[in-house]
Each structure stands twice: as C-alpha cells, then as structure tokens.
1. Can you name the residue in region 132-146 that is open to solvent by less than 30 Å² (accessible area, probe 1.4 Å) and not aliphatic (A, V, I, L, M) and, of all such residues, is modelled with the lowest pLDDT?
2. Out of (1) farther than 30 Å from residue 94 by Cα; (2) modelled with pLDDT of 85 or more; (3) β-branched (Val, Ile, Thr), what's the single condition that is false for residue 56?
3. Please go through region 118-127 and pick out each residue that is open to solvent by less than 60 Å² (accessible area, probe 1.4 Å), touching a helix residue (DSSP H, G or I) at 6+ places or on another chain (Cβ under 9 Å) and not in a strand (DSSP E or B).
4. Does any residue in region 73-86 that is under 14 Å from residue 114 (Cβ atoms) come within less than 8 Å, Cβ to Cβ, of a residue that is open to solvent by 40 Å² or more (accessible area, probe 1.4 Å) and small (Gly, Ala, Ser) six or more places away or on a different chain, and which pairs are these?
5. With the requirement that a residue be out of contact with any helix residue (DSSP H, G or I) (no Cβ under 9 Å at 6 or more places or on another chain), free of Cβ contacts under 8 Å to residues at least 40 places away in the same chain and more than 12 Å from residue 6 (Cα to Cα), what does region 40-67 give you?
6. Taking the conditions exactly as written (touching a helix residue (DSSP H, G or I) at 6+ places or on another chain (Cβ under 9 Å) and of a type in the set (S, T, N, Q)), does residue 88 satisfy them or not?
7. It is to be established whether one or more residues within region 42-52 are modelled with pLDDT under 85, within 42 Å of the chain's Cα centre (by Cα) and among the charged types (D, E, K, R).
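The values are calculated or read from the model by the stated rules, or taken from the named source; none is laboratory data. Computed from a predicted structure; not experimentally measured. All Cβ positions, even for glycine, are placed from backbone atoms using ideal geometry, and neighbour counts span all protein chains on display. Note: accessible area is taken over every heavy atom of the protein model, side chains too, but ligands, DNA and RNA are not part of it. Shrake-Rupley method; radii C 1.70, N 1.55, O 1.52, S 1.80 Å.
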Amino acid sequence: MRFKKLEIFGFKSFAEKTTIHFEPGVTAIVGPNGSGKSNVVDSIRWVLGEHNPRDIRAQKSEDIIFNGTDKRAPLSVAEVHLTISNEQGLIPISFSEVTVSRKVFRSGESQYMINKSPCRLRDIRELFLGTGLGGGTYAIIAQGHIDMVLSSKPDERRIVFEEASGIAKYLIKKRETTRRLDEVEEHLVRIEDITSEVRRQVKALERQANKARLYQERWERLKELELQLAIDELKSGDVRSHELETQLKELKAKQEALEKHKAETVNSLEVCNAAVSEAQQMVQQVRGLFVEHQNKIEQ
C-alpha cells in the first residue's frame with residue numbers, strides 16, 4: 001500500500017489545483033521556509049479524517065480555505081483527493097486503487113467521498129483503521145512529533161502501539177459494541193418500565209374491553225329486536241291493510257246502494273211534489289168556487 005497521487009485545490013496556500021505524483025521509492029518535497037511544504041502533509045492528514053483544526057495548524061475549519069492575497073481573490077472551497085494503491089488488499093475494500101476525497105465550504109458544509117461515492121467521515125476513518133493511516137497514529141509524523149511521542153504519557157504512546165500492532169480497529173469496534181450494548185441495556189430497562197406500565201393498564205383495558213363487548217352484543221340484540229319488530233309491524237300492517245280494503249269495498253257497495261236509494265227517493269219526492277202542487281191548485285180552485293158560491297148565497 002502506497003500513495004500514488006495527491007490533488008489539492010483551495011487548501012491553505014494552494015490557490016490553484018496542484019497534483020503531486022508519488023513514484024515508487026522515496027519522494028521528497030524541497031523548498032524554502034514558508035513555501036507550503038508542511039501544507040502538503042496537513043492536506044494528507046486532513047483528507048484522511050483529521051477533524052481537529054489545531055492538528056493541521058489552523059484555528060478553525062474555515063482557516064484551511066485559501067483566504068486570498070493582494071493579487072488573488074479568496075476561494076470559497078477547499079478540496080483534497082488522495083489516491084492510494086491497494087494492490088496488497090490492506091485496505092478492506094474491493095478495489096486495487098482507492099481515492100479518498102474531502103471538501104469543505106465556507107458555509108461550513110462538508111463532503112466526503114470514497115472512489116467518488118458520497119460517504120461519512122466515520123466511513124473514512126474506519127476504512128483506514130489498522131493500516132497505520134488512522135488519525136493520531138505513527139504514519140504521519142511532523143517536525144517535533146518524535147520528541148512528543150517519546151515524551152508523551154504511557155496512555156498516549158499506547159494508542160500509537162495499538163495502531164502499529166493492528167489491534168486499534170478491534171479496540172474501537174469493542175468500544176462501539178460496548179456502547180451499543182449499554183444503549184441496548186438502557187432500552188431494555190426502558191422496555192421493562194413500559195411493560196410494567198402496560199401490565200398495570202391491562203386489567204383496566206380488559207374491563208373496558210368486556211364492557212365494550214357486552215355493549216356490542218346488546219347493541220346487536222337491540223338491532224335484531226328492532227328489525228323483528230319492524231317485520232312484525234309490516235306483517236300486521238299488511239293484515240290490517242287487507243281488512244281495511246275489504247271494509248272499503250263493503251262501504252263502497254253500501255255507498256252505491258244508498259246512492260241508488262237516494263236517487264229513488266228523490267224521484268218519489270219529485271212525484272209527491274208534483275201531486276202536492278196539483279192538489280194545491282185544486283184547493284185554490286175549490287176555494288175560488290167556495291168564495292164565489294158564498295157571495296151568491298149572501299146576495
């Protein structure tokens with residue numbers, strides 16, 4: 001496993017896109033003080049997942065973006081692409097060549113990619129665990145770091161040895177697994193609390209369910225009785241309707257008989273009225289004769 005190519009743009013003093021090819025053997029970058037030699041190392045450390053600005057000689061994340069000069073305007077983005085040969089398969093990925101990319105904007109937004117596929121910073125760190133390229137390990141040692149390692153505390157030196165021996169990734173996985181187990185245990189305690197609370201509510205819910213079941217049964221019975229009542233009323237209504245129809249026919253027959261009798265009575269009445277009128281005329285005539293004879297008698 002070795003570095004093959006480093007592409008830098010907008011990172012610290014690299015205002016233009018710069019590509020550095022690492023040929024087999026030893027590659028040395030020579031230049032006067034202040035020419036940006038350390039910035040190359042900082043860019044490698046940064047693209048491999050370094051998140052502490054002080055470890056790459058910056059106060060904050062925005063400081064790593066080219067801030068401009070009297071003749072050049074500042075840039076809004078800094079990006080670094082590091083291509084690594086993986087022919088020996090030391091990096092746990094099914095590619096013979098791995099390109100790790102990191103990009104940051106002045107707005108604070110960051111992008112991480114592995115072989116041009118978006119990923120998380122955590123994915124990049126986990127990719128290089130056990131390879132010696134993990135953060136804070138022995139692979140990248142700047143000026144003065146050797147004395148710092150030798151004079152560091154035993155716990156700090158132990159981190160370097162663990163990474164060199166290849167057990168750092170297992171320790172990190174162990175800590176991650178332990179953390180997850182602790183979270184699972186907390187979840188189990190929470191679940192037990194919820195279960196206890198649910199148990200306390202079960203009896204009340206059972207009573208409510210029984211009441212609801214009884215209500216549903218009685219409601220169904222009520223609907224059946226109402227339906228039966230409606231059917232009975234319809235049946236009795238049909239019988240009553242038949243009886244009323246029969247009575248109506250009888251009444252119509254009586255009405256027709258009465259109408260006929262009425263007509264006969266009216267005819268008889270008219271005949272009687274005619275006879276009465278005739279009798280009245282005769283009476284008038286008789287009265288006239290009576291008066292006439294009475295006058296003659298008086299004379």
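1. Looking at the filtered set, the residue picked out is 137.
2. The number of the failed condition is (2).
3. Step one: of region 118-127, the residues open to solvent by less than 60 Å² (accessible area, probe 1.4 Å) are 119, 121, 123-124, 127.
Next, only the ones that are touching a helix residue (DSSP H, G or I) at 6+ places or on another chain (Cβ under 9 Å) stay: 119, 124.
124, the sole residue that qualifies.
4. Matching pairs, first to second residue: 86/96.
5. 52, 54, 67
6. For residue 88, the condition - touching a helix residue (DSSP H, G or I) at 6+ places or on another chain (Cβ under 9 Å) and of a type in the set (S, T, N, Q) - is not met.
7. The answer is yes; a qualifying residue exists.
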